[in-house]
Amino acid sequence: MTESVSPVPPTPATPEPEERRSRTQGLGPWILLGPPGLWLLLLLVLPVLVIFELSLVPGIRPGDLVNPSGLDNYVEILKPIYLRVILRTVGFAGASTAICLLLGFPVAYWIALMSPRRWRNALVVAFVLPLWTSSLLRSYAWITILRPTGVLNSFLATFGIPQLDLLNQNAAVLIGMSYSFLPYMVLILYSSLEKLDRRLLEAASDLGATPVQAFWQVTVPQSIQGIAAGSLLVFISSLGDFINPELLGGASSMTASRLIYNQFLGATQNWGFGSSLSMVIILAVSAAIALLIRYGDATPKT
Amino acid sequence: MTTILPTPPEDPTDPMAKRLKPQLSWQGVFSGVMYFLMYLPILVLTVYSFNESPYSAGWKGFTLTWYAKLFSDYRILEALRTSLLVALVAVAVAAVLGTMVAVGLARYQFWGKRLYLGMSYLPTIVPDIAIAVATLVFLAALAIPLSVWTIVAAHVVFCLAYVAIVVSTRLGDLDPHLEEAALDLGATPLQSFFQVLLPQLAPGILSGCLLAFVLSLDDFLIASFTAGNGATTLPMEIFSRIRTGVKPDVNALSALLISFSAAIALSSEYFRYRSERKKVN
């Protein structure tokens, strides 16, 4: 699991020494990398190019001739009604990133630095284990918990606390998203905190730093790459999340991915508009990754 | 990856550990609460799958009705069959292609390698909705009829990427000299690949496959965009049912699927643990 969630592709084995490089490569690269490359080219790269082309066709429906004629679909996104959807999507992603960071950091810190050493691996595995279960069903479980006659309200009622109606609200979407992506955050923060040099913390406390000072001036700067990588991963995942807004949110929690879904499988069939929205998501994600790569490289490795 | 290594015995001279160990910290309590919350939804679904009352939150008595109903539900069983077919075929293809990517990228230097690397990790980063849209539009542009096989083709894309990532990590930990030794001892490249490299990679490939298998079974968006009218996978069937509210037989299905994925997750961790141990010895 650890490998699967890293937003930055792990670099493959380091370049081999001369002896290996001098071996004639011959047809090797073509035989090994050709077939998978072709598959990805056909079913990933080419399709993205095709939706880019389609995004330039206004009001296209299945069966129409493709006749790229301008940026109308992109201008459409700037209409206030759609702009609000985009802003809400970014807002959800930002908020769930903040929640995951806030909730995930203490957990990762505790596992990496405070829990008994022999339990650490088991503790990490236990925290990410729910990721292996169906994301659809995990969101569905929150319906059972949050609905008016659900678990939460029965629980509150036994204490005489007034009922909460969270389902079909933005709050429910945020709960679902944060729940879905928290394990990624903890996993990445853990692997970053685990490498933390404890002697620095000791030195800080020997030199008279309070625990709070030590945290902000030693722990946080030392784990900033993990914080950045974890936040980016949660942000990207939330940005493209469809299931949580669809199942837990109401009509007022329309997000970009729900809007895209509707352009293809919903009532409003507008493939051109849906394609342009998808292109915006792809570009937003690429920009976020580019930022991380630049930022990650710029961070001094002290 | 050092995290998975069997940990050395506790260092008694580590003053930090000694100072922190006996205390009940707020971080520990907080983590306990978070662990509880992580498992709460799973717990709730499981408990409710045995609840006699279909819709209320209260406990009305133990029943196995929902499980019985589930096993006589033709549409669920058919969807499960489709999902398993898709996952098995996609993972089988992805296991071969993904391993080829990992080995090829580790072994060869060539022009455009970074581009190729980026392309092979793209499916793990680009949101599912964008991949789903792109695949649907592309298939429509080529007038390829949607079926269960278009789902398989689309699933191979992301399964391949995950297998490649997991195998790459494993490959980075291997001793490159073993393969060279085999070559020096007169093995053909093909022999050394199948008899030296592949056995060493097997645990990594297996754990990558298990991950890809679970992701394929879980996928809703890509499958619903590439399925057309011909095929319904299990997540699609579940989605169409829970859209309209809480369904007790879906609770039963959830409990079963969750136990199933937990078993797969644990076996994947086990294989990885074993492969790590082998490496150390």
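I'd like the residue in the stretch A:101-116 that is closer than 18 Å to A:LEU200 by Cβ and more than 7 Å from chain B (Cβ to nearest Cβ) and, out of all such residues, is surrounded by the most Cβ atoms within 10 Å (Cβ to Cβ).
Applying the filter and picking the extreme gives A:ALA108.
Considering only residues of the stretch B:140-151 that are more than 7 Å from every other protein chain (Cβ to nearest Cβ) and surrounded by fewer than 22 Cβ atoms within 10 Å (Cβ to Cβ), which is farthest from B:ALA231 (Cα to Cα)?
Checking each candidate, the answer is B:LEU142.
Condition check: modelled with pLDDT of 90 or more and crowded, with 24+ Cβ neighbours inside 10 Å. Does B:LEU160 satisfy that?
Against the criterion (modelled with pLDDT of 90 or more and crowded, with 24+ Cβ neighbours inside 10 Å), B:LEU160 qualifies.
Here is a yes/no grid of residues against (1) away from chain B (no Cβ under 11 Å); (2) small (Gly, Ala, Ser); (3) open to solvent by 20 Å² or more (accessible area, probe 1.4 Å):
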position	(1), (2), (3)
A:GLN163	yes, no, yes
A:GLN169	yes, no, yes
A:MET177	yes, no, no
A:SER191	no, yes, yes
A:GLU194	no, no, yes
A:ASP197	no, no, yes
A:GLU202	no, no, yes
A:GLY208	yes, yes, yes
A:GLN217	yes, no, yes
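Which condition breaks for A:GLY226 when tested against (1) open to solvent by less than 20 Å² (accessible area, probe 1.4 Å); (2) within 26 Å of A:ARG88 (Cβ to Cβ); (3) of a type in the set (Gly, Ala, Ser)?
All conditions pass for A:GLY226, except number (2).
Scan the stretch B:28-45 and report the pairs whose first residue is facing another protein chain (nearest Cβ under 7 Å) and in contact (Cβ under 8 Å) with a residue 60 or more places away in the chain and whose second residue is of a type in the set (Lys, Arg) and assigned to a helix (DSSP H, G or I), with Cβ atoms within less than 9 Å and a gap of 6+ or a chain change.
B:ILE42/A:ARG138; B:LEU45/A:ARG138
Name the residue, out of B:LEU105, B:LEU80, B:LEU97, B:LEU115, that is closer than 18 Å to B:ASP218 by Cβ, out of contact with any strand residue (DSSP E or B) (no Cβ under 8 Å at 6 or more places or on another chain) and among the aliphatic types (A, V, I, L, M).
Of the residues listed, the single one that is closer than 18 Å to B:ASP218 by Cβ, out of contact with any strand residue (DSSP E or B) (no Cβ under 8 Å at 6 or more places or on another chain) and among the aliphatic types (A, V, I, L, M) is B:LEU80.
I need the helices (runs of 4 or more DSSP H) fully contained in the stretch A:142-208, keeping only those with at least 2 residues that are among the aliphatic types (A, V, I, L, M) and at pLDDT below 80.
It comes to A:151-158.
Being within 10 Å of chain A (Cβ to nearest Cβ), open to solvent by 10 Å² or more (accessible area, probe 1.4 Å) and over 27 Å from B:PHE138 (Cβ atoms): is that true of B:LEU210 here?
Spelling it out, B:LEU210 is indeed within 10 Å of chain A (Cβ to nearest Cβ), open to solvent by 10 Å² or more (accessible area, probe 1.4 Å) and over 27 Å from B:PHE138 (Cβ atoms).
In contact (Cβ under 8 Å) with a residue 60 or more places away in the chain, in a helix (DSSP H, G or I), farther than 25 Å from B:ALA227 by Cβ and open to solvent by 10 Å² or more (accessible area, probe 1.4 Å): which single residue out of B:ALA102, B:ALA106 fits that description?
B:ALA106
What about B:ASN251, is it in contact (Cβ under 8 Å) with a residue 40 or more places away in the chain and either over 30 Å from B:MET38 (Cα atoms) or open to solvent by 50 Å² or more (accessible area, probe 1.4 Å) (or both)?
Taking the combined requirement at face value, the residue does not satisfy it.
Which condition number in (1) facing another protein chain (nearest Cβ under 10 Å); (2) within 30 Å of the chain's Cα centre (by Cα) is the one that A:VAL212 fails?
Against the list (1) facing another protein chain (nearest Cβ under 10 Å); (2) within 30 Å of the chain's Cα centre (by Cα), A:VAL212 comes up short only on (1).
So, of the residues in the stretch B:74-127 that are within 10 Å of chain A (Cβ to nearest Cβ) and β-branched (Val, Ile, Thr), which turns out to be farthest from the chain's Cα centre (by Cα)?
Per the stated criteria, the residue is B:VAL103.
Condition (residue is more than 26 Å from A:ASN170 (Cβ to Cβ) and open to solvent by 50 Å² or more (accessible area, probe 1.4 Å)) applied to the stretch A:242-255: is it met by at least one residue?
No - not one qualifying residue is present in the stretch A:242-255.
What pairs come up if the first residue lies in the stretch B:163-191 and is closer than 30 Å to B:ALA87 by Cβ and open to solvent by less than 70 Å² (accessible area, probe 1.4 Å), the second is assigned to a loop (DSSP other than H, G, I, E, B) and aliphatic (A, V, I, L, M), and their beta carbons are under 6 Å apart, counting only those six or more places apart or on different chains?
B:LEU171/A:ALA13; B:GLY172/A:ALA13
Hey, among the residues in the stretch A:129-141 that are in contact with a Leu (Cβ under 7 Å, 6 or more places away or on another chain) and touching a residue at least 12 places away in the same chain (Cβ under 8 Å), which one's nearest to the other protein chains (Cβ to nearest Cβ)?
Top of the filtered list is A:TYR140.
Restrict the check to the stretch B:52-75 and report whether at least one residue is closer than 28 Å to A:VAL128 by Cα, open to solvent by 50 Å² or more (accessible area, probe 1.4 Å) and without any contact (Cβ under 8 Å) to a residue 40 or more places away in the chain.
Checked the stretch B:52-75: no residue is closer than 28 Å to A:VAL128 by Cα, open to solvent by 50 Å² or more (accessible area, probe 1.4 Å) and without any contact (Cβ under 8 Å) to a residue 40 or more places away in the chain.
Look through the stretch B:254-269, keep the residues that are more than 8 Å from chain A (Cβ to nearest Cβ) and more than 14 Å from the chain's Cα centre (by Cα), and return whichever of them is least open to solvent (accessible area, probe 1.4 Å).
Looking at residues that are more than 8 Å from chain A (Cβ to nearest Cβ) and more than 14 Å from the chain's Cα centre (by Cα), I get B:ALA255.
Against the condition surrounded by fewer than 20 Cβ atoms within 10 Å (Cβ to Cβ), within 21 Å of B:ILE242 (Cβ to Cβ) and at the interface with chain B (Cβ under 9 Å from one of its Cβ atoms), how does A:THR144 come out, does it pass?
Spelling it out, it is not the case that A:THR144 is surrounded by fewer than 20 Cβ atoms within 10 Å (Cβ to Cβ), within 21 Å of B:ILE242 (Cβ to Cβ) and at the interface with chain B (Cβ under 9 Å from one of its Cβ atoms).
Condition (residue is out of contact with any His (no Cβ under 7 Å at 6 or more places or on another chain), more than 12 Å from chain B (Cβ to nearest Cβ), of a type in the set (A, V, I, L, M, F, W, C) and more than 20 Å from B:TYR35 (Cβ to Cβ)) applied to the stretch A:149-156: is it met by at least one residue?
Within the stretch A:149-156 (the criterion being out of contact with any His (no Cβ under 7 Å at 6 or more places or on another chain), more than 12 Å from chain B (Cβ to nearest Cβ), of a type in the set (A, V, I, L, M, F, W, C) and more than 20 Å from B:TYR35 (Cβ to Cβ)), the answer is no, since none of the residues qualifies.
Within the stretch A:119-136, track down each residue that is within 22 Å of B:PHE239 (Cα to Cα) and part of a helix (DSSP H, G or I).
The answer is A:PRO130, A:LEU131, A:TRP132, A:SER135, A:LEU136.
The values are calculated or read from the model by the stated rules, or taken from the named source; none is laboratory data. Just so it is clear, the structure is predicted and the values come from calculations on it, not from any experiment. When we count neighbours, we look across all protein chains shown, and the Cβ atoms used for this are built from the backbone with ideal geometry, even at glycine. The protein model used for the area step is the full one, side chains on, heavy atoms only, and it has no ligands, DNA or RNA in it. Shrake-Rupley method; radii C 1.70, N 1.55, O 1.52, S 1.80 Å.
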